[in-house]
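The values are calculated or read from the model by the stated rules, or taken from the named source; none is laboratory data. Computed from a predicted structure; not experimentally measured. Backbone-built Cβ (ideal geometry, glycine too); neighbour counts: all protein chains shown.
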């Protein structure tokens, strides 16, 4: 992480138009997403300091900018500056979304030293596999592996006081430096399993009954014995190798009967949940005859654009750190974020017919400062797409506290691709 302190205030005027600091994105005459080293150019640094009076320091880990103040500027704050995420803080101990480099290995173990895979995102799957294989064979339980381009972060299942474990783990993998977190430091949300918190449709949620379904319309389960119904939203229309078509949705949103209604339980019965894709919280619903679905997201005022149809899935290995992603749920509204680390996450399995450790390919995504306030249970399962309108994956859960606050986990589209599903 690089730190730059206060600069000379006699800075040059910008030669390019600069949107107001209240805009979601402040464009600069340089691009830190494509060229992170331009952060160190003196003129660029001066321009970054000029954006917000009272800036005391700016830090960068080549992925995000952390602005430090004695007194925070008034909101609203931008989500990106120079095409990378930004974070504002007045706390000296607040690291924001900077990569958490908590614990180093105390060993001399260097895995695959003959390969140099630093900043080689095409090799992300290989790095994750090499790491997972080591920890499995060494019988050192890990719950998550993240690849940040030149750094690998491994989450260890053991408790933090077991620091002796750091003598048994690699210091590097294919020349990518390793850092470690303990599972208790992750502060994962406790409700990202199969629980069904009740959803109350507030007045600002669109509960219109649409003749043609599309991504982001409100769905409901049948009422349970207490008269409660649970709400989620439609996601996308997919098909299997045999041509059978299904609408995807969050599996936790439906009761055992599997019947699906739109927009509420007293509304239209549109189909029945037929398949639950284990460990992903994704359910496949067979729509009733006559129910139409198009993979065209709603238009929105947050990001003006022409109507478009979602394209096919894109594998995680084809995506890049820094890619812009989008989701649109009736429970959160339209949101944009930044694709950060490649990841694989271990999902516990109680099925005797499956391995005890199921690893799911995921993306770690940053949705912006305080974005977790807008994430409610109904967002789970929502489709995530990129700037080319290809489906990156499906929203699983967001961190609301801890070192990954405002980061969310996306089940990569690989999970459905590997099972033979494609977007219609």
Number of the condition not met by residue 373 [criteria: (1) closer than 30 Å to residue 241 by Cβ; (2) more than 13 Å from the chain's Cα centre (by Cα); (3) surrounded by fewer than 21 Cβ atoms within 10 Å (Cβ to Cβ)]: (1)
Residue within segment 292-312 that is in a strand (DSSP E or B), closer than 29 Å to residue 99 by Cα and not assigned by TED's automatic domain parsing to the domain that holds residue 124 present: no
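Conditions (1) in the same structural domain as residue 265 (by TED's automatic domain parsing); (2) in a loop (DSSP other than H, G, I, E, B); (3) loosely packed, with under 15 Cβ neighbours inside 10 Å; (4) modelled with pLDDT under 90, marked per residue:
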position	(1), (2), (3), (4)
196	no, yes, no, yes
199	no, yes, no, yes
205	no, yes, no, yes
223	yes, yes, no, yes
229	yes, yes, no, yes
238	yes, no, no, no
246	yes, no, no, no
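Suppose we filter segment 323-341 for residues that are touching a residue at least 40 places away in the same chain (Cβ under 8 Å) and part of a strand (DSSP E or B); how many remain? Outline the logic, then answer.
Our first condition is that a residue be touching a residue at least 40 places away in the same chain (Cβ under 8 Å); within segment 323-341, this holds for 323-333, 336-341.
Remaining after also requiring part of a strand (DSSP E or B): 324-329, 333, 336-341.
Residues flagged as touching a residue at least 40 places away in the same chain (Cβ under 8 Å) and part of a strand (DSSP E or B) within segment 323-341 amount to 13.
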Qualifying residue in segment 17-35 (condition: surrounded by fewer than 12 Cβ atoms within 10 Å (Cβ to Cβ) and at pLDDT 95 or above): no
Top-ranked residue in segment 122-158 [being more than 21 Å from residue 101 (Cβ to Cβ) and more than 23 Å from the chain's Cα centre (by Cα); ranked as surrounded by the most Cβ atoms within 10 Å (Cβ to Cβ)]: 141
Tally, over segment 77-122, of residues that are within 16 Å of residue 407 (Cα to Cα) and part of a strand (DSSP E or B): 6
Residue count, segment 405-421 (criterion: in a loop (DSSP other than H, G, I, E, B), buried (at least 23 other Cβ atoms within 10 Å of the Cβ) and in contact with a helix residue (DSSP H, G or I) (Cβ under 7 Å, 6 or more places away or on another chain)): 1
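Condition first: out of contact with any strand residue (DSSP E or B) (no Cβ under 8 Å at 6 or more places or on another chain) and either closer than 19 Å to residue 405 by Cα or surrounded by 14 or more Cβ atoms within 10 Å (Cβ to Cβ) (or both). Can you find one or more residues in segment 57-69 that meet it? Lay out the reasoning, then the answer.
If we filter segment 57-69 for residues that are out of contact with any strand residue (DSSP E or B) (no Cβ under 8 Å at 6 or more places or on another chain), which is where we start, we get 62.
Filter again for either closer than 19 Å to residue 405 by Cα or surrounded by 14 or more Cβ atoms within 10 Å (Cβ to Cβ) (or both), leaving 62.
Yes - at least one qualifying residue is present in segment 57-69.
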Count of residues meeting criterion [on the phi < 0 side of the Ramachandran plot and at pLDDT 90 or above] in segment 276-308: 16
Residue within segment 173-182 that is over 20 Å from residue 111 (Cβ atoms) and touching a strand residue (DSSP E or B) at 6+ places or on another chain (Cβ under 9 Å) present: yes
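Given the criterion surrounded by 21 or more Cβ atoms within 10 Å (Cβ to Cβ), on the phi > 0 side of the Ramachandran plot, in a loop (DSSP other than H, G, I, E, B) and at pLDDT below 90, identify the matching residue among 381, 368.
Working: 368 fails: at pLDDT below 90.
From the options 381, 368, the qualifying one is 381.
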